[in-house]
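Every number here is computed from the coordinates shown, using simple stated rules; none is lab data. Keep in mind that what you see is a predicted model, and the values were worked out from it rather than measured. Every residue, glycine as well, gets a Cβ built from its backbone with ideal geometry; the counts of neighbours run over all protein chains shown.
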Amino acid sequence: MENRSDVKLGINGLGRIGKLSLWNHVEKKYFKEIVVNVGRDVGSSLHDIAHYIIRDSTYGSLPLYLYGCKCGDTILDVDEQHGTMTINDVKVTFLRKHRNPKEIDWQKHGVRLVVDATGRFLDPALLADSPTGAVRGHLEAGAHTVIVSAPFKIRDKSRTMPEDALTAVMGINENDYDPLKHRIISAASCTTTCLGHMMKPLLDTIGAKKILTASMATVHAATGSQEVLDRLAKPGATDLRKSRGILNNIILTTTGAANTLSLVIPEMRQIGFMAESVRVPITTGSLIILVVSIQEEESKISINKHMINDIFRKAAASPNGYVVYSEEQNVSGDIIAMPKAAVIIEASETHTRTAEVSIDLEKICGIRKDILAGMENEVASIPLTQAVIYGWYDNEMGNYVHMLGELTLHIAGQLD
């Protein structure tokens, strides 16, 4: 992609999402200049930041990511005095002084769009001058718009979502973004992104009224929030499993994907939904197991494995879609860094089963007794199909960082 935006991009935080977002954008070259706020000194010089950027234990080296076997030098002109370097012909400036968003020099550096990848500033209702920092601090520091690389979390449950805040996932509801209204955008989570692209084709084809219930479990790779070795729990912690070592444990935990998904796809509020998460000791590559219960037409049984797979096959064929359809037998390592893939449907493992479900009409609220009295049979049989669908996602680069990058470009294009 050629340089074509005059908007300067800011990235706050250089952890997993921040670093890989930098990789993503220096590959696209959409932004002529990027300003990264690290918020502290790293090692002994700027060269140590370059050392960190160019190497990755999961995805290999930055040169290989950009150019494969034809790679050459990708980081040049490291200037300690000015805190700058050139990465793949993109000028990148590093700020190493402030961690509170309102103190970061976005205005001085001409940054209008910021991606906050720290995972710390998630409350859009919190005032900019909060002592611990707030996402609104970026706006006070000169940015016009902020994208948060995680779901919103409003601390004060008595407060509602501000009107200038929006949760958006590319390929689902990015057109809800209004540059005149929305200043703070959440890019949801990797799991919500995958789940959204599994549910939307089903909703578009079958309809929310026929999907009675849905549940999902994500078998999720480890994240930086987990412990390498067992530690004492933090003060006030209620989930002791979060303090256990990830290297040699399967750990049950929670996910907010169900709640976040309803912000992206409002029709989900009509469907009974549960979501669970299991963390496993791998660095990336996760799996959603989605189970949906679908009411059949009484006259015929139409929902089967072929029909479900055909829904996702068509979604994958969409020119601007983010669904990948696979009939191969994959393992988690096969889908790492797969580009433009919110989800990779493992079509060979799709399963359906249809059965007659008997319902005692006397137990259903809202049916008048005089109506029941006139019925010959107070038990109704309804054909119900349960479908199990497997969706892979690279919870770091391939799924989330790529989709976050696409959303960032979408928003930047409307700020030009």
A student asked for the Cα radius of gyration and Dmax of the stretch 191-395 in angstrom ought to give 20.3, 67
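Rounded, prolate or oblate: which fits the stretch 294-333, taking a ≥ b ≥ c as square roots of the Cα gyration tensor eigenvalues, rounded meaning a/c under 1.5, else prolate when a/b beats b/c? Don't skip to the answer; put the middle values down first.
Numbers: a/c = 3.39, a/b = 1.77, b/c = 1.92.
Verdict is oblate for the stretch 294-333.
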Measuring from its Cα centre, the stretch 8-162 shows a charge dipole (+1 at each Lys and Arg Cβ, -1 at each Asp and Glu Cβ) which, in debye to the nearest 20, is 540
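State the three equivalent ellipsoid semi-axes of the stretch 8-162, derived from the C-alpha gyration tensor as the square roots of 5 times its eigenvalues, in descending order and whole Å. Please report the intermediate quantities before stating the final value.
Details: eigenvalues 170, 53, 37 Å².
Gyration-tensor ellipsoid for the stretch 8-162: 29, 16, 14 Å.
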Checking rank on 142-149, 67-74, with mean other Cβ inside 10 Å and highest first, the result is 142-149, 67-74
For LYS102, the aspartates and glutamates lying under 14 Å Cα to Cα, once residues fewer than eight places off in the same chain are dropped, come out as ASP116, ASP129, GLU140
Summing -39500 (n - 2.57) over every DSSP H run of at least 4 in the chain, dividing by its residue total and rounding to the nearest 500, the 222 nm mean residue ellipticity is -6500 deg cm²/dmol
If unit charges are put on Cβ atoms (+1 for Lys and Arg, -1 for Asp and Glu) and the dipole of the chain is taken about its Cα centre, the option from SER243, ALA380, TYR30 lying farthest towards the positive end turns out to be SER243
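In the stretch 191-395, what percentage of the DSSP-assigned beta bridges are antiparallel, given to the nearest 5?
Numbers: 33 of 47 bridges.
So the antiparallel bridges in the stretch 191-395 amount to around 70 percent.
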Projected onto the charge dipole of the stretch 191-395 (unit charges on the beta-carbon of Lys, Arg, Asp and Glu, signs +1, +1, -1, -1), the Cα from ILE308, ALA275, GLY224 with the largest positive-side position is that of GLY224
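Given an 8 Å cut-off on Cα distances and at least 6 residues of separation, report the relative contact order of the chain as a percent.
Details: 880 pairs, mean separation 62.2, N = 416.
Relative contact order for the chain comes out at 15 percent.
Let's see if you can work this out: charge +1 on each Lys and Arg Cβ, -1 on each Asp and Glu Cβ, no other charges. What is the dipole magnitude of the stretch 191-395 about its Cα centre, in debye to the nearest 20? Intermediate values should be presented prior to the final figure.
Working: 19 positive and 22 negative charges, 141 e Å.
Magnitude of the dipole: close to 680 debye.
Report the charge-dipole magnitude of the chain in Debye, nearest 20, computed about the Cα centre from +1 at each Lys and Arg Cβ and -1 at each Asp and Glu Cβ.
Working: 44 positive and 49 negative charges, 184 e Å.
Taking the Cα centre of the chain as origin, the dipole is about 880 debye.
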Going residue by residue through the stretch 100-105, the Karplus relation 6.51 cos²θ - 1.76 cosθ + 1.60 with θ = phi - 60° gives ³J(HN,Hα) values, rounded to whole Hz and with x marking Gly or Pro, of 6, x, 6, 9, 6, 7
Other residues with Cβ under 13 Å from the Cβ of ARG279 give, with Lys and Arg +1 and Asp and Glu -1, a net charge of 0
So the pair-distance distribution of the stretch 118-271, from every Cα-Cα distance in 10 Å bins, comes to percents of 9, 31, 33, 22, 4
From the cross-link list LYS181/LYS210; LYS29/LYS305; LYS91/LYS314; LYS28/LYS242; LYS19/LYS340, the entries with a Cα-Cα span beyond 30 Å are LYS181/LYS210; LYS29/LYS305; LYS91/LYS314; LYS28/LYS242
Among the Cα-Cα pairs of the chain, the proportion with separation greater than 42 Å, in percent, is 19
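Which net charge results for the neighbourhood of VAL38, defined as the other residues with beta-carbon distances under 10 angstrom from its beta-carbon, given Lys and Arg at +1 and Asp and Glu at -1?
+3
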Within the under-12-Å Cβ sphere about TYR177, not counting TYR177, Lys/Arg +1 and Asp/Glu -1 give a net charge of -2
